1. Out of all the residues in region 75-93, which are in contact with a helix residue (DSSP H, G or I) (Cβ under 9 Å, 6 or more places away or on another chain) and buried (at least 18 other Cβ atoms within 10 Å of the Cβ)?
2. Tell me the residue from K19, K72, K65 that is in contact (Cβ under 8 Å) with a residue 12 or more places away in the chain, crowded, with 18+ Cβ neighbours inside 10 Å and of a type outside the set (G, A, S), please.
3. Name the residue, out of A99, A109, that is closer than 21 Å to E16 by Cα and either out of contact with any helix residue (DSSP H, G or I) (no Cβ under 8 Å at 6 or more places or on another chain) or of a type in the set (A, V, I, L, M, F, W, C) (or both).
4. Sort out which residues of region 1-43 are over 12 Å from the mean Cα position of the chain (by Cα) and under 16 Å from L100 (Cα atoms), and write them in order of number.
5. Mind listing whichever residues of region 25-62 are free of Cβ contacts under 8 Å to residues at least 60 places away in the same chain, outside any helix (DSSP H, G or I), surrounded by 18 or more Cβ atoms within 10 Å (Cβ to Cβ) and not β-branched (V, I, T)?
Amino acid sequence: MVSIPKKVMDLVADKESVKAVVSSDASNQPHAVVAGSIIAIDENTMAVGEILMKRTKSNLSVNKKASFLVVKGMEAYTIDVEVLDRQTSGPGIDQMNQALKPMKLHANALWVFKVTAVYDSSATPSAGTRIA
């Protein structure tokens, strides 16, 4: 099981970091969207709220593998994930929507993923190095 390093967990939790999810369709055509709702549930599990994610939803339904990119300044990490579940009710989606409420946003579902790899994507000589 892959565990997200603390420095990566901290960047995922940083409200000023920019986050994106990259998915691909059945023919492996990639699609990337900004997704500020990306969270780390724990060091092995991540989630993202399904907010205006029609193409991403479709992609994740047919291709369970995706990647998250988390960036702040020169620091960046890519987190490879695989779909575990899509929740349309329960405490996870309720918590996500409570957090989104001040922004007047609503998640139709919560996608939950297991982490399969973590890479340093920073603008440094270590870019591309697998760190977990």
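1. E75, A76, Y77, I79, Q87
2. It is K19.
3. A99
4. D14, K15, E16 - these are the residues of region 1-43 that are over 12 Å from the mean Cα position of the chain (by Cα) and under 16 Å from L100 (Cα atoms).
5. A35, A40, M53
Every number in this text was worked out from the coordinates using simple rules, so none of it is lab data. The model shown is predicted, which means the values in this text are computed figures rather than measured ones. Virtual Cβ from ideal backbone geometry, glycine too; neighbours counted across all protein chains shown.
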